[in-house]
């Protein structure tokens, strides 16, 4: 086949992919400029990236006046670079940073499209179906708009899978695979530079080895260029830790590998749900909406085809789904530390599974094409409707800005502390030189009453629960934020606080850092 005859096919592929990207940008990008920093985790990354842009240090992230070395550097670079470039073009810094996460979601989408097309024998419609399923999954849709590193990790690992699968196919035909292998090792290195080596091993390396064994191609590792690929991945994934160590932060590097890797697996860190898999079975259904209702039909279809003599499980596509989705789920479910976002890398193989089932259904019953196409269109409308109707009610950026602007005016240079809740959102919005801390009943006396020129931010409901504290405060501001009313208070010298407050042992855990 000559180049001229291949060109229309290539252009056709680009049109289908462009359609998938357009749907993604419409659904995920809808009103992205109105989305506030609305949780503690987003604020950590946003503040650190903003500090990078201000002080020019792109190697050592800082948050609230302290070093932040709990995560590798790559995601900070993504949102800092997006913030710098995008903000110069007009959007706010926060919106520009979100464009970095949006771009990572688009990369994950493209890789998913290509993987589905590959297993469907080049079917472009199957690639489009996989893309639509992916972008309309509730969790993938939400995280593609958030300033957290999981989407970057998902993009890197999905591309690693794609490059590995293409390298396998090409090597079987004795064709050169140097560029595919280079893409694989670079993707793994960047994934490691996003969240460390543990997710890379659990989400991609071990499942891919299982895929090689299952497909009888384990010997392909001998042609995988491991002698240069492993050092390349290691260099990309670990160079930052070496540089940080050379800059005198060796203890922080050791703490990262112990605290963020070892302790999470064995239940000595936060987000602890020790029983294998149970927690994920309770929270994953929400993330899979609206496709949760399709899973029984997908499973029944695969079973019925197998009963009719079509052993779908023996296909390479099914083995990919079982390894990238099933084995990875089994591995991460064994870790004692569990979060909803840890499952994000499993959404691309789930979307591929749905797309391959869709193709089988269309091939067996062509009349069902319109019905299934309508289901896909409905899913897109639901995703868009979620942003227009539901998310827009939650994402009240103007209210957040006004809330913290009034607090900043009232501070008048004084130090702010928050009571029993994360100060991270205040750190982003107030943007003051003095660090903002958090106090508990046990530290209230030392960090507030005995700290000159300190102002307390506390929810009215918490103040009512600690009634003996209310008379010891002068309320300077009461303002509603969302469903809660917050108070800004200073000590009332005429009514010292009840000493029993400080005898309490606060057992509330700090907001988990991930």
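The values are calculated or read from the model by the stated rules, or taken from the named source; none is laboratory data. A quick note: this is a predicted structure, and the numbers were derived from the prediction, not measured. Don't worry about glycine lacking a Cβ; one is built from the backbone with ideal geometry, like all the others, and counts go over all protein chains shown.
Filter the range 438-461 down to the residues that are assigned to a strand (DSSP E or B) and surrounded by 18 or more Cβ atoms within 10 Å (Cβ to Cβ), then identify the one that is nearest to the chain's Cα centre (by Cα). Within the range 438-461, the match that is nearest to the chain's Cα centre (by Cα) is 438.
Could you run through the range 420-434 and say how many residues are touching a strand residue (DSSP E or B) at 6+ places or on another chain (Cβ under 8 Å) and either under 22 Å from residue 445 (Cα atoms) or assigned to a helix (DSSP H, G or I) (or both)? Spell out the reasoning first.
Here is the first cut: in the range 420-434, the residues touching a strand residue (DSSP E or B) at 6+ places or on another chain (Cβ under 8 Å) are 420-423, 426-427, 430, 432, 434.
Remaining after also requiring either under 22 Å from residue 445 (Cα atoms) or assigned to a helix (DSSP H, G or I) (or both): 420-423, 426-427, 430, 434.
So the count comes out to 8.
The sole residue among 317, 251, 287 that is part of a helix (DSSP H, G or I), in the same structural domain as residue 372 (by TED's automatic domain parsing) and without any contact (Cβ under 8 Å) to a residue 40 or more places away in the chain is 251. The residue of the range 466-485 that is nearest to residue 37 (Cα to Cα), among those that are surrounded by 13 or more Cβ atoms within 10 Å (Cβ to Cβ) and in contact with a helix residue (DSSP H, G or I) (Cβ under 7 Å, 6 or more places away or on another chain), is 481. For the range 410-419, the count of residues that are assigned to a helix (DSSP H, G or I), assigned by TED's automatic domain parsing to the domain that holds residue 499 and either modelled with pLDDT of 90 or more or surrounded by 15 or more Cβ atoms within 10 Å (Cβ to Cβ) (or both) is at least one.
Against the test of being assigned to a helix (DSSP H, G or I), under 15 Å from residue 345 (Cβ atoms) and out of contact with any strand residue (DSSP E or B) (no Cβ under 8 Å at 6 or more places or on another chain), the options 116, 155, 131, 103 yield a single qualifying residue, 155. With the condition kept exactly as written, say whether any residue in the range 371-394 is over 19 Å from residue 138 (Cα atoms) and either under 26 Å from the mean Cα position of the chain (by Cα) or not in a helix (DSSP H, G or I) (or both). No, the range 371-394 contains no residue that is over 19 Å from residue 138 (Cα atoms) and either under 26 Å from the mean Cα position of the chain (by Cα) or not in a helix (DSSP H, G or I) (or both). Candidates are the residues of the range 27-46 that are over 17 Å from the mean Cα position of the chain (by Cα) and either in a loop (DSSP other than H, G, I, E, B) or at pLDDT 95 or above (or both); the one that is farthest from residue 381 (Cα to Cα) is 31.
Residues that are assigned to a helix (DSSP H, G or I), more than 11 Å from residue 109 (Cβ to Cβ) and modelled with pLDDT of 95 or more within the range 142-152 comprise 143, 150, 152, listed in sequence order.
Could you tell me whether residue 92 is within 30 Å of residue 402 (Cβ to Cβ) and surrounded by fewer than 17 Cβ atoms within 10 Å (Cβ to Cβ)? Yes; evaluated as a whole, the condition is true for this residue. Does any residue of the range 129-144 turn out to be surrounded by fewer than 22 Cβ atoms within 10 Å (Cβ to Cβ), touching a residue at least 24 places away in the same chain (Cβ under 8 Å) and over 21 Å from residue 206 (Cβ atoms)? Looking for residues that are surrounded by fewer than 22 Cβ atoms within 10 Å (Cβ to Cβ), touching a residue at least 24 places away in the same chain (Cβ under 8 Å) and over 21 Å from residue 206 (Cβ atoms), one finds at least one in the range 129-144, hence yes.
Considering only residues in the range 208-229 that are closer than 16 Å to residue 166 by Cα and in contact (Cβ under 8 Å) with a residue 60 or more places away in the chain, the one that is surrounded by the fewest Cβ atoms within 10 Å (Cβ to Cβ) turns out to be 215.
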